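Nothing in this text is a laboratory measurement; each read-out follows from the coordinates by a stated rule. Because the structure is predicted, anything quoted here is derived from the model rather than measured. So basically every Cβ, Gly included, is an ideal-geometry build from the backbone, and we count neighbours across all protein chains shown.
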Amino acid sequence: MGENLALNIADHGFKVAVFNRTTEVMKKFIARENPPGGLVGCETLKELVAAIKKPRKVIIMVKAGAAIDAVTQQLLDAGIESDDIVIDCGNSQWTDTIRREKQYAGKCKFFGSGVSGGELGARFGPAVIPGGDPEAWKHLKPIWDAIAAKVDAKTGKPIETAQPGKPVIGGVPCSAYIGPNGAGHYVKMIHNGIEYIDMQLIGEAYWLMSRLLGMSATEIGKVFAAWNEGDLDSYLIQITADILQQPDPVHKGENLVDYILDTAGQKGTGKWTSVNALDMGIPANAIAEAVFARCLSALKDERVAAGKQLTGPTPSYSGNRQELINAIRDALYCSKICAYAQGFQLMREAQKEYNWKLNFAEIASIFRGGCIIRARFLQKITDAYTRSADLTNLLLDPYFNQQIQNAQTNWRKVVGLAATNGIPAPAFMSALSYYDGYRSPRLPANLLQGQRDYFGAHTYERTDNPRGKFFHLDWPEAKRPQLEVSGH
């Protein structure tokens, strides 16, 4: 990914000095490539620092964590100065970026920038999500705007290219300054959390068609290809259609996906999103379910053993096949709306916590191209926050509200079928529970709060008193007095 990002920058006319701790890797890279801007190979970090004009702009592409601090210190030892900009383009935790900006103040300008799109995106146009010192951003903006993916100004559709040395001309760059310190890496983390749930929802849609309708991977792939022509048009839907129709190179006439082991890996950003949601008290339950689904998938041996002892219904469906396929599509779309609502609700809370001022329309617009979650759907989110910058929740936008009203009967049908047929669909179910909980003026938390006051004197508020006024009852004896409790 680092190589491809360097080539992308050089494609846009910027001369790029490159370093790899394995010198032979660097030399082979230089010998193989000849981009328009040119590449300068450096065998040491001192050579790299000496080769760059001031203020130097040095991009680090290494594993998140201790490696970032180690490389930053090595750059300082090699001659990086206080006005030079050290840019972490990996998936670092935003709190580490906040800490590093303070730690390296006066030594360099440490800057965090998310980069999404994988290796191909890095080469031909990623979504870039920068956060850090505003003065540093002025030096980076021309480069970031040049290398970012581009979308059509009117439609918001990505403008594609896959030709080395021939960058996209025109269009709106999928890059915008997010905010100070860790804001860029925080928003990149939310992107990845949404990516987790997006992928899980797609997996559940595939599994429901497989288990309830007995469809082959090729047949399901064709359904996803058709869905990609409509409102579900997205990179993840597109590659799902390709993956499901990919022949297996070993077993001729069969599908590769049927031979891929059902244990999913993860690098931690989905977990960070879920932990942050718990820390801030934001109900991102669908995102968390996607993380837990991967954790459950990893218990392969346990699941195989459990399947020999634990029983459930045998999946069967006798209704109209196309009607169920349409219902699964609607369930996927409604659940997707809830997933994005949770992600943006998290960002809304985080800006209070970290004193950021996030532009949600701009963030959604960055996600329209280059990144893994790019989708037609994101233009609608951009429009929603353009109409109302202070929108409390995406579900309250008129367009998304209407979409769920139109499709929720099918959504409920699919969740019900999954439950009655014993097919795990935790993301569909969790998203529906979020929707029903969010639209409920009253929830059973009144009983829960009574329980807390009973065993722990945690107090409660009353419906017939103003918010912020707390009470406690001496519960074991029913006729004991209710006391108003101050100081809460």
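The angle separating the long axis of helix 2-11 from the principal Cα axis of greatest extent in the chain is about 60 degrees. For region 2-179, a simple Cβ point-charge model (Lys and Arg +1, Asp and Glu -1, everything else neutral) yields a dipole of about 220 debye relative to the Cα centre. Annotation for region 394-488: GluC sites (Glu not before Pro) lying in DSSP loop with at most 12 further Cβ atoms inside 10 Å of their Cβ are Glu477. Would you compute the Debye intensity of region 76-119 from its alpha-carbon atoms alone, equal scatterers and no solvent, and pass along log10 I(q)/I(0) at q = 0.20 Å⁻¹ to two decimals? Once normalised to I(0) and log-transformed, intensities are -0.64. The stretch between Glu119 and His251 holds 44.6 nm of extra length on full extension. This uses 0.36 nm per residue minus the Cα-Cα distance. Computed from point charges on the beta carbon alone (+1 for Lys and Arg, -1 for Asp and Glu), the dipole magnitude for region 185-438 about its Cα centre is near 100 Debye.
Extending 7 Å from Cα along the Cβ direction at Ala70 and again at Gln482 yields two label points whose distance is 6.2 nm. With all projection directions averaged, the alpha carbon convex hull of region 201-266 covers 5.0 nm². Three principal axis extents describe the C-alpha atoms of the chain; from largest down they are 80, 68, 49 Å.
Using a cut-off of 27 Å between Cα atoms, the listed pairs Lys107/Lys138; Lys53/Lys109; Lys150/Lys336 include none that exceed that distance. Calculate how many DSSP beta bridges within the chain are antiparallel, expressed in % of all such bridges and rounded to the nearest 5. Around 55 percent antiparallel, to the nearest 5.
Compactness ratio for region 185-438: Cα radius of gyration over 2.2 N^0.38 Å (N = residue count) comes to 1.01. Charges were assigned to the Cβ only: +1 to each Lys and Arg, -1 to each Asp and Glu. The resulting dipole of the chain about its Cα centre is roughly 400 debye. Cross-link partners of Lys252 among aspartates and glutamates, defined as those whose alpha carbon lies under 18 angstrom from its own and excluding same-chain residues fewer than eight positions apart: Glu219, Asp242. From least to most packed, judged by other beta carbons within 10 angstrom and beginning with the fewest, Arg303, Arg100 follow the order Arg303, Arg100. Were the residues from His12 through Trp475 laid out at 0.36 nm apart, the gain over their Cα-Cα distance would be 159.5 nm.
Considering only alpha-carbon pairs that sit under 8 angstrom and 6 or more positions apart, the relative contact order computed for region 185-438 is 28 percent. Packing-based ranking of 175-185, 61-71 yields 175-185, 61-71, ordered from highest to lowest mean Cβ neighbour count within 10 Å. Summarising the label geometry, the points placed 7 Å from Cα in the beta-carbon direction at Asp242 and Lys267 lie 1.8 nm from one another. Neighbour counts of C-beta atoms inside 10 Å place Thr240, Thr22 in the sequence Thr22, Thr240, starting with the fewest. Cα axis of helix 285-297 to longest principal axis of the chain: angle in degrees, 0 to 90, nearest 10? Result, in degrees: 80. The aspartates and glutamates whose alpha-carbon is closer than 20 Å to the alpha-carbon of Lys469, local same-chain residues fewer than 8 away aside, are Asp453, Glu461, Glu484. In percent, rounded to a whole number, the relative contact order of the chain is 13, using alpha-carbon pairs under 8 Å and six or more apart.
Using the alpha-carbon atoms, what tilt in degrees (0 to 90, nearest 10) does helix 134-147 show relative to the longest principal axis of the chain? It works out to around 80 degrees.
Residue-normalised convex hull volume from the C-alpha trace of region 2-179: 109 Å³ per residue. Sparsely packed loop sites in region 184-252 (the trypsin sites (Lys or Arg not before Pro) outside DSSP H, G, I, E and B with at most 11 other Cβ atoms within 10 Å) comprise Lys252. If R0 is 35 Å, the Cβ-Cβ spacing of Thr420 and Val275 corresponds to a FRET efficiency of close to 0.55. Of the GluC sites (Glu not before Pro) found in region 237-303, those that fall in a DSSP loop while having at most 16 other beta-carbon atoms within 10 Å are Glu254. Looking at Cys334, Ile30, Ile373, which one has the Cα that reaches farthest to the positive end of the dipole of the chain (charges on Cβ: Lys, Arg +1; Asp, Glu -1)? About the Cα centre, the residue reaching furthest to the positive side is Ile30. Each 10 Å bin from zero holds the following percent of Cα-Cα pairs in region 281-393: 11, 28, 30, 19, 11, 1. Find how many whole Å separate the alpha carbon centroid of region 293-365 from the alpha carbon centroid of region 30-86. Distance between centres, Cα-based: 40 Å.
Rounded to the nearest 500, the 222 nm mean residue ellipticity of the chain from helices alone is -16500 deg cm²/dmol, with -39,500 (n - 2.57) taken per DSSP H run of at least 4 residues. Each of Asp453, Asp383, Asp262 was scored by other Cβ atoms within 10 Å of its Cβ. Arranged with the fewest first, they read Asp262, Asp383, Asp453.
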